[in-house]
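I have placed the structure first, in the form of structure tokens, so that the comments after it can refer back to it.
Laboratory data are not the source of any read-out in this text; all were calculated from the coordinates shown. Keep in mind that what you see is a predicted model, and the values were worked out from it rather than measured. All Cβ positions, even for glycine, are placed from backbone atoms using ideal geometry, and neighbour counts span all protein chains on display.
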Amino acid sequence: MTTTDNIDWSELLEHPIVTAQHSNGKNRIAAATDTLQQTAQQLVEVLNERARLLATSALFETVLRDAAAIRAIIPGAGIGYLCTGYVYCQQGHYAAAISIYDQGLQAVLESDVYYQQLQHHRTTAIDSNDKRVDFISQLPWDIVITNIVPRMQPEFCTESSCKLLYVSRSWQNRILQQPKGLRFSFGKETTTFKNGHAQLIRFAPYVQTLSGSLLNVRLDDLFSRAHFSNLKKLNVMCDDPEIPRLPLIHGLELIADSLTRLVICGCPDLQLRDILETCPNLEFLQTRDVDAIMPLSPSSIYPKMTRLALFSISETTRSQHDNMIDVLCRFPSLRSLEVDRVPESSVLCILHEHCPYLKILCLGVIYSPYDQMNVQRNRKGISWAYLSERVGDMLIIDAKIKANNPTLELSNGEIVEAGDYDPLAASTTPVVVEEDDTSNTLFTRLTEMSFSDYDYASAEAFIIWLILKAPNLKAIHLPASHLQPRIAYIMTKAAKHLSKLEIFHKRGGTDTDGIKKFSEYHIGLGNQSTLKEMIVEGREMSNISWVPLIFKLRCLKNLSLHVNTISEECLSAWEEIGQGCPALEKLTLGMDGAELVDGVMMPLRHLEKLKFVRIMAQKLSGADLAVLAAIPSLEELYLHCRVENFMIRALDTGTGKPRIIVDNPEDGY
């Protein structure tokens, strides 16, 4: 015997074919089926009535569910299709409404009472779907080209139809005149530049950005077909390592007058001098597998260049002092320098001589923060440095740098060193950093430091030295394993303005004495503590023994506790926050999918200044939600967890406070 789990309601309501009967069984079966049909019809009518009422409350998802049930029960009834189409029209999804009306007209008999209504509503949906507002043509020219079109940021493919450019002549004119011009791309599947690419060639004078891959093609074939008079940015990847050098150079010559930004990768036969001599107006240059050989004439200077990124340059070029100096001295206006493979270390000592306006330095890593940074262009001194594990012996600890580079300062940025490398071991004369170091080297504009998770034993001296040399330090990010007693002591003595501490805790044994001593120091300061913000990243809260000390910091205003578990055994320590952190205004608790024990929000009701709460968890109980909503000072509650809609509605006070934002990871809200 088999059991059918999925029932087809339309078959269930049909009169069964009876081939054998007992007594008056056939008539009784027919009567029972008639009763089923009547019952189904009544159920459909009730569902439709409820759907209509739900629609008035804008509960469209629930209406769609009821409408789907109607169609499942009686597929041949037009009422289910009408109900679904109505919701889609209310939501503005006219194409979906037309589709469901078409399904209904195929499934419903013309004799159905709702057939004509389906036809009428379908026509109305088609009319609504065809309505267009040509705001591009209606609005003033300057508003369109300076505010609207740039926000579209369309990137056209050379072989695409570029539909946006063919809506109307009015649209085309406005798009072509936008300040940032057109962006086009081409793929490596293209076998030639001698023909094709009709759209790119047609709009060549308006193209400002072009990117793509080169494979068995000649760049000069493309640029000789049209006048790319406004091309400013070119990004090319050479997928053919044997691509000819001269066609590349000739292609660059054809666009050199306008080109200011070039990214070129995978061209081992090309040299830096080929690019610089061909494109003297470049302001930004990024290369990969292009050797850093400079023009022979020492008088060839490129004052327009402000950003230079050299990736995968040869060992010979970067290891020779004179070669790297020859590179640097050609760019007196350089603001940003990136070299992914560490150059010869002595170059660092004279960077400021050749590049006095250098603001951003990335050595041994690929990291480009320039676009996100606000640097003062005409102020001397490095503002941001990102250094890999191999740069330790080149950093400020080096005595030559301390002696020869008094202008080197860092502001509003961070120094990062990654890897398990001893910055002192590489020096022939190891530098012993003492707490009473009387060196005149001070980084007065250094306000933030971030240290990665590398071997503490080799990093301790560097961390201590740097903290001692940054009298205005305000923020530190480091692993819990590095906040050892010696570091903690220096932080309490030297970092007098420290207001933010970010600690990430990894699983495994960690000496917590330093963290405890640092926390106890600021607890002892009471209302005189400068520590206003703490960010803790860990796993189970119960495994981080020093966390309860945070809940006694009276001046703390912002706390982010990123843990994936707060269990019942943590509640007694957690309750301290209600009395121990009276200044707390902002709290972030948990992480995606975290498990928070019921009752975890109870202590927060005592925080009279709490304005913003962000909770990330699997779920949150109704009682905890009620506690949060009842906090008088709370202005915004952000919930990234499963929360039922009725629970949110129950919390609505009608005053707009707190503002509740729900980011349901599964169902949405």
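List of remarks:
- Among 305, 491, the ranking by other beta carbons within 10 Å of each residue's beta carbon, starting with the fewest, stands as 305, 491.
- Overall Cα dimensions of segment 477-669, principal axis frame, Å, largest first: 53, 34, 26
- Global form of segment 218-333, assessed from the alpha-carbon gyration tensor, a/c cut-off 1.5: oblate
- Where a label projected 7 Å from the Cα of residue 619 along Cα→Cβ would reach, residues of segment 583-607 with amide N under 12 Å: 596, 598
- Magnitude of the charge dipole for segment 9-130, about its Cα centre and with charges confined to Cβ atoms of Lys, Arg (+1) and Asp, Glu (-1), is about 320 debye.
- Each residue of segment 288-298 was assigned a 3J(HN,Hα) from its phi angle through the Karplus expression (A = 6.51, B = -1.76, C = 1.60, θ = phi - 60°), giving 9, 6, 10, 6, 7, 9, 8, x, 5, 6, x Hz with x at Gly and Pro.
- Residue pairs exceeding 31 angstrom between C-alpha atoms, taken from 180/474; 586/619; 131/194; 500/609: 180/474; 131/194.
- Antiparallel content of DSSP bridges confined to segment 477-669, in %, to 5: 0 percent
- With contacts taken as Cα pairs under 8 Å and at least 6 residues apart, segment 477-669 reaches a relative contact order of 13 percent.
- As a ratio to 2.2 N^0.38 Å, the alpha-carbon radius of gyration computed for segment 173-217 takes the value 1.26.
- Under 5 Å from the amide H of residue 156 lie the amide H atoms of 183, 184, 185, each residue being 5 or more positions distant or on a separate chain, with H modelled from the backbone and absent for Pro and chain starts.
- 243, 515 arranged by Cβ crowding within 10 Å, fewest neighbours leading: 243, 515
- As a proxy for reagent exposure, 570, 83 were ordered by neighbouring Cβ count within 10 angstrom, fewest first; the result is 570, 83.
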